[in-house]
DNA sequence: TTAAGCGAAGTATAGACAGCATGTC
DNA sequence: CTATACTTCGCTTAA
């Protein structure tokens, strides 16, 4: 295939040239060139399907800027991950010298000054945009160009439905969709009323192979049929050492945390400590947001140039490891799929340690990972500017499936993108969201809306009326001439919980006596919006110590029981957390990492708030009060008496407790006794604390001015 | 009698998004 | 819809 590179001197876009030159770009790569040829700069609606790291972001930048210049209005850039939102936000910031203002919003972070109506380009996540639409801020009407990044997430069973519902709305206006390589890009672009660009061009050549044990060594068969032998005890170790001896860096993917840690540990035995690495490992030992055990484990590995990486790690630890790898100090990272999506972290060699995965929803069931997921991993191979080629090796434990695996991952098309809106909870949520965003409408109009999704006609036939009736039965909507949301339905749409979560909460609380904190936490952790955790290392005797009435009865079904236990484990953890149990104690008691704790706290913070709002709309006042109080404690992990003190920036559960124990018990106490506060917290921190406390007291009720201007 | 050795049987398995403010002149 | 690594269990054998 012949590839064309457009010289930027030929670009009819003077402002862009300056910015591109500053980045050292003189030529546009083939997908970029092709996008421009298909009318990117003339506002044509496009779907770009091309491999990881093939320069799609630049296509988005050019599309956004030329759109703003010609049409005005606003541009929204949507990503599936908060980390990507942050990354793209900084990329777009580089265009601010041209006079465009760039803002960002996600559940985690909002741009400040004057909120979003004053920005030209807004970077956000799919969920946040979906939620914004339900609230109908006036400025959203001004958005006339949507950039949908990582559109292939549409295929993800849990997150895909939101991507699809955002796409349905976005396709009525200007649109640019970016996706990894997909097989049915023609169908997708037809659905989005767009032209397509599909290439397999990569900035660095990729060599792919499959490896299996053969005699006393391992045989790698590459895609072009050539072979290579490597020696060693373990196949992953053997290939890793081979690559490093050739000057490479290696990214190993494994399908469980335990394997990732185990492989990292055994690899570390092969390397020596260096001065540079000792500094990095020292940084790890001193990182603030991680538990003692995990810091110690990781620092022992990092001083030998090896690290593991998974979602149990705290953010701080993950950042140090990623940086250490980018700076080429760390030679090998052994990771779970966290690193396959998300922020770009390329390596010369990618080793795919397992091509199967366990399905939590079907106990004991292993399945081969989708080709798409393999491509996400292998796409990390080869660093532009450093490696002349990248290599990606699949490891098999025996020869049996070699031909099948070789054929599936190396020579076949990726799976087509298909609608995942057919699942009950996704579909009902979609109907609810539509009624919230577009207001009441006839049943027929609602159906017309559903017909704009990727769902097949047969699916719509079998799901639509059932869905409407379900929402009616559970009091989310009422239907007269039109279908419209009840107060309860609107509230559920606004707080953005799944309708099944709302039903669980409603059925649990309605007319029931109040119960203990643990019971509320367990009920919320049992909803589909809560994470699912493994319960293997949980001390089940804890279950028998519970002396208050649970809202949820113990189920009989095996799968339900594992969800029940998962909820129980989360409830115990969060209960310890709000009873101020020491963090390291929690981590070792439940066998979790600091990243896990952070995730659970984040989820339960949101869910306790949601429970509080649902109780409020149900007018269940006792439950409402219990949940409100619970919510104030979950975010910061404190008993109720410390809630006031942890409002102060820089004061968390530990410092607040220190102050309390010395009789500093309120914001007023902090301001009245500055000397004592400085003695307890130290000069510098004490000063800041007093200052912040005074600011909070002074601020009173009038907060910053920001807000939506509602469509009447 | 106890410890060690060994094979059979049992056990567990990735990740990460969402609210909060929100009528006034 | 079934692989792997690791742990635990239970038996046999050696000291």
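I'm checking my understanding of the structure. Among residues of the range A:549-562 that are surrounded by 11 or more Cβ atoms within 10 Å (Cβ to Cβ) and in a loop (DSSP other than H, G, I, E, B), which one is farthest from the chain's Cα centre (by Cα)? Filtering the range A:549-562 for residues that are surrounded by 11 or more Cβ atoms within 10 Å (Cβ to Cβ) and in a loop (DSSP other than H, G, I, E, B), the one farthest from the chain's Cα centre (by Cα) comes out as A:549. In this entry, residue A:508 passes the filter for residues that are outside the structural domain of residue A:213 (by the TED database), buried (at least 20 other Cβ atoms within 10 Å of the Cβ) and more than 30 Å from residue A:224 (Cα to Cα). Every listed requirement among (1) more than 16 Å from DNA strand C (Cβ to nearest atom); (2) over 24 Å from residue A:529 (Cα atoms); (3) assigned to a helix (DSSP H, G or I) is met by residue A:391 save one, (3). Checked against the criteria, residue A:256 does not count as in contact (Cβ under 8 Å) with a residue 60 or more places away in the chain and more than 16 Å from DNA strand C (Cβ to nearest atom).
Taken over the range A:396-445, the residue count meeting the criterion of being in contact (Cβ under 8 Å) with a residue 12 or more places away in the chain, on the phi < 0 side of the Ramachandran plot and outside any helix (DSSP H, G or I) is 19.
If you go through the range A:341-359 one residue at a time, do you hit one that is on the phi > 0 side of the Ramachandran plot and within 16 Å of DNA strand C (Cβ to nearest atom)? Within the range A:341-359, not a single residue is on the phi > 0 side of the Ramachandran plot and within 16 Å of DNA strand C (Cβ to nearest atom). Of the residues making up the range A:75-87, those that are touching a helix residue (DSSP H, G or I) at 6+ places or on another chain (Cβ under 7 Å) and closer than 12 Å to residue A:123 by Cβ are A:75, A:76, A:77, A:78, A:79.
Of the candidates A:362, A:352, A:343, A:334, the single residue that is surrounded by fewer than 24 Cβ atoms within 10 Å (Cβ to Cβ), more than 30 Å from residue A:25 (Cβ to Cβ) and in the same structural domain as residue A:271 (by the TED database) is A:362. Just give me the residues in the range A:363-387 being out of contact with any strand residue (DSSP E or B) (no Cβ under 7 Å at 6 or more places or on another chain), more than 20 Å from residue A:51 (Cβ to Cβ) and either free of Cβ contacts under 8 Å to residues at least 40 places away in the same chain or more than 14 Å from DNA strand B (Cβ to nearest atom) (or both), in sequence order. If the condition is that a residue be out of contact with any strand residue (DSSP E or B) (no Cβ under 7 Å at 6 or more places or on another chain), more than 20 Å from residue A:51 (Cβ to Cβ) and either free of Cβ contacts under 8 Å to residues at least 40 places away in the same chain or more than 14 Å from DNA strand B (Cβ to nearest atom) (or both), then A:364 is the only one that fits.
Quick check: is even one residue across the range A:266-286 over 27 Å from the mean Cα position of the chain (by Cα), on the phi > 0 side of the Ramachandran plot and in a loop (DSSP other than H, G, I, E, B)? Checking the range A:266-286: not a single residue is over 27 Å from the mean Cα position of the chain (by Cα), on the phi > 0 side of the Ramachandran plot and in a loop (DSSP other than H, G, I, E, B). When you scan the range A:629-638, do you find a residue that is in a loop (DSSP other than H, G, I, E, B) and without any contact (Cβ under 8 Å) to a residue 40 or more places away in the chain, even just one? Scanning the range A:629-638 turns up at least one residue that is in a loop (DSSP other than H, G, I, E, B) and without any contact (Cβ under 8 Å) to a residue 40 or more places away in the chain. Residues in the range A:365-388 that are farther than 18 Å from residue A:156 by Cβ and either within 14 Å of DNA strand C (Cβ to nearest atom) or assigned by the TED database to the domain that holds residue A:83 (or both): A:365, A:366. All told, residue A:390 meets the bar of being buried (at least 22 other Cβ atoms within 10 Å of the Cβ), within 21 Å of residue A:55 (Cα to Cα), away from DNA strand B (no atom under 16 Å from the Cβ) and in contact (Cβ under 8 Å) with a residue 12 or more places away in the chain. When the helices (runs of 4 or more DSSP H) confined to the range A:121-208 are screened for residues that are under 28 Å from residue A:96 (Cα atoms) and either away from DNA strand B (no atom under 16 Å from the Cβ) or in contact (Cβ under 8 Å) with a residue 60 or more places away in the chain (or both), those reaching at least 1 such residues are found at A:126-135, A:160-170.
Examine the range A:496-503 for a residue that is away from DNA strand B (no atom under 11 Å from the Cβ), at negative phi and free of Cβ contacts under 8 Å to residues at least 40 places away in the same chain, and state whether such a residue exists. So far as the range A:496-503 goes, yes, one or more of its residues are away from DNA strand B (no atom under 11 Å from the Cβ), at negative phi and free of Cβ contacts under 8 Å to residues at least 40 places away in the same chain. Is it the case that the range A:598-615 has a residue that's surrounded by fewer than 22 Cβ atoms within 10 Å (Cβ to Cβ), farther than 22 Å from residue A:519 by Cβ and touching a helix residue (DSSP H, G or I) at 6+ places or on another chain (Cβ under 9 Å)? Within the range A:598-615 (the criterion being surrounded by fewer than 22 Cβ atoms within 10 Å (Cβ to Cβ), farther than 22 Å from residue A:519 by Cβ and touching a helix residue (DSSP H, G or I) at 6+ places or on another chain (Cβ under 9 Å)), the answer is yes, since at least one residue qualifies. Among the residues of the range A:258-281, those identified as under 30 Å from residue A:537 (Cα atoms) and surrounded by 13 or more Cβ atoms within 10 Å (Cβ to Cβ) are A:259, A:260, A:261, A:262, A:263, A:264, A:265, A:266, A:267, A:268, A:281. State the number of residues belonging to the range A:219-241 that are within 16 Å of DNA strand C (Cβ to nearest atom), over 15 Å from residue A:349 (Cα atoms) and under 36 Å from the mean Cα position of the chain (by Cα). Number satisfying all stated conditions: 1.
The values are calculated or read from the model by the stated rules, or taken from the named source; none is laboratory data. Quantities reported herein were computed from a predicted structural model and do not represent experimental measurements. Positions of Cβ are generated from backbone atoms using ideal geometry, with glycine treated the same way; all protein chains shown enter the neighbour counts.
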